[in-house]
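Trainee: One structure follows; several queries about it will come next.
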Amino acid sequence: GQQLNQSPQSMFIQEGEDVSMNCTSSSIFNTWLWYKQEPGEGPVLLIALYKAGELTSNGRLTAQFGITRKDSFLNISASIPSDVGIYFCAGRLIGSQGNLIFGKGTKLSVKP
Amino acid sequence: EAGVTQFPSHSVIEKGQTVTLRCDPISGHDNLYWYRRVMGKEIKFLLHFVKESKQDESGMPNNRFLAERTGGTYSTLKVQPAELEDSGVYFCASSHGAYNEQFFGPGTRLTVL
């Protein structure tokens with residue numbers, strides 16, 4: 001099946017540092033999404049991207065939809081302890097009926 | 001407005017038993033999705049309902065899994081008989097339209113012993 005390669009798998013950073021994670025695929029997507037999951041909860045949408053080249057910010061978070069439509073990155077600036085969680089990229093293939101394809105997640109740990 | 005709810009939050013069963021998971025979507029959302037995350041792997045799509053109809057069930061692993069959404073409101077996902085590899089977290093999500101934001105429930109953690 002279709003796969004999204006998400007990296008890194010995990011990150012251990014100091015509070016205040018910037019974070020970057022990305023997803024790549026061999027397939028073309030028409031939508032890229034970034035979700036965050038905290039313990040005991042389901043994924044929550046952070047940023048949605050709908051156009052190739054689109055760069056969107058949500059507070060300290062910035063994400064971009066790659067020009068080739070096969071990749072996306074998420075940056076978190078000046079991390080804080082509450083940024084801890086698992087971040088998932090997800091994409092929607094051209095012609096799909098709404099279902100999402102997810103990456104394996106990036107587990108972020110922030111040391112105060 | 002209440003979010004997506006799932007019941008139970010945890011289920012521990014023995015191989016060969018039957019388990020039924022329930023999802024209540026956000027009121028008014030016609031689109032309902034089931035996903036599953038097996039430990040350490042990606043969240044994988046199982047199926048998609050539009051109202052009571054199965055729009056896409058291409059992700060269902062095998063015929064031991066049966067999903068229903070009678071009346072187009074809540075949905076159930078039954079696993080019968082459960083196998084060890086069915087263990088994981090089962091998420092339900094709902095959206096207004098097929099291409100609108102999907103809101104996820106907290107998941108049901110299923111452990112098959």
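Since every read-out is calculated from the coordinates, none of them should be taken as a lab result. In this text the structure is predicted, and so the values were computed from the model without any measurement. Backbone-built Cβ (ideal geometry, glycine too); neighbour counts: all protein chains shown.
Trainee: Averaged over its residues, how many other protein chain Cβ atoms are within 10 Å of peptide B:56-69's Cβ atoms? Could the numbers behind the result be given before it?
Mentor: Details: counts 4, 0, 4, 3, 0, 0, 0, 0, 0, 0, 0, 0, 0, 0.
For this peptide, the per-residue mean of nearby foreign Cβ atoms is 1.
Trainee: Tell me, which longest segment in chain B has none of the trypsin sites (Lys or Arg not before Pro) that fall in DSSP loops with at most 14 further Cβ atoms within 10 Å?
Mentor: Counting only loop sites that pass the neighbour cut-off, the longest clear stretch is B:65-113.
Trainee: Turning to a different aspect of this structure: Quick one: Cα convex hull volume of chain A, Å³ per residue? All intermediate terms of the calculation are to be shown ahead of the outcome.
Mentor: Working: hull volume 10.5 nm³, N = 112.
Residue-normalised Cα hull volume stands at 93 Å³.
Trainee: Just need log10 I(q)/I(0) for the protein assembly as shown at q = 0.12, 0.13, 0.14 Å⁻¹, Debye formula, equal scatterers on the alpha-carbon atoms, no solvent, rounded to two decimals.
Mentor: -0.65, -0.76, -0.87
Trainee: Continuing with the same structure: Using the C-alpha gyration tensor of the range A:51-112, what are the square roots of 5 times its eigenvalues, in whole angstrom, with the largest one first? Kindly include the intermediate steps, with their values, before the conclusion.
Mentor: Numbers: eigenvalues 123, 44, 14 Å².
Value: 25, 15, 8 Å, ordered largest first.
Trainee: Of A:Tyr87, B:Tyr33, B:Tyr74, A:Tyr50, how do they rank once you tally other Cβ atoms within 10 Å and put the fewest first?
Mentor: A:Tyr50, B:Tyr74, A:Tyr87, B:Tyr33
Trainee: Just for the Cα atoms in chain B, what are the lengths along the principal axes, largest first, rounded to whole Å?
Mentor: Sorted largest first, the three principal extents are 37, 25, 24 Å.
Trainee: Could you tally the net charge around B:Ala82, taking each other residue with its Cβ under 14 Å from the Cβ of B:Ala82, Lys/Arg +1 and Asp/Glu -1?
Mentor: +1
Trainee: Further question on the same structure: Setting aside same-chain residues fewer than 8 positions from B:Lys54, which lysines have a Cα under 27 Å from its Cα?
Mentor: In chain and number order, the partners are A:Lys104, B:Lys41, B:Lys44, B:Lys78.
Trainee: On a C-alpha basis, how far is the centre of the range B:24-67 from the centre of the range A:6-25 in Å? Whole number, if you could?
Mentor: Centre-to-centre distance over Cα atoms comes out at 29 Å.
Trainee: Can I ask one more? Report, as an integer, the average count of C-beta atoms from other chains found within 10 Å of each Cβ along A:92-99. Each step should come with its number before you reach the end.
Mentor: Numbers: counts 3, 0, 0, 0, 6, 8, 14, 15.
That average works out to 6.
Trainee: Convert 10 °C to kelvin, take the viscosity as 1.306 mPa s, use the Kirkwood radius over C-alpha pairs of the range A:25-82 as Rh, and evaluate the Stokes-Einstein diffusion coefficient in µm²/s, rounded to a whole number.
Mentor: Numbers: Rh = 12.2 Å.
Rounded to a whole number, D works out at 130 µm²/s.
Trainee: Return an integer: the convex hull volume of the alpha-carbon atoms of the range B:39-85, in Å³ per residue.
Mentor: On the way: hull volume 4.2 nm³, N = 47.
Convex hull of Cα atoms, per residue: 89 Å³.
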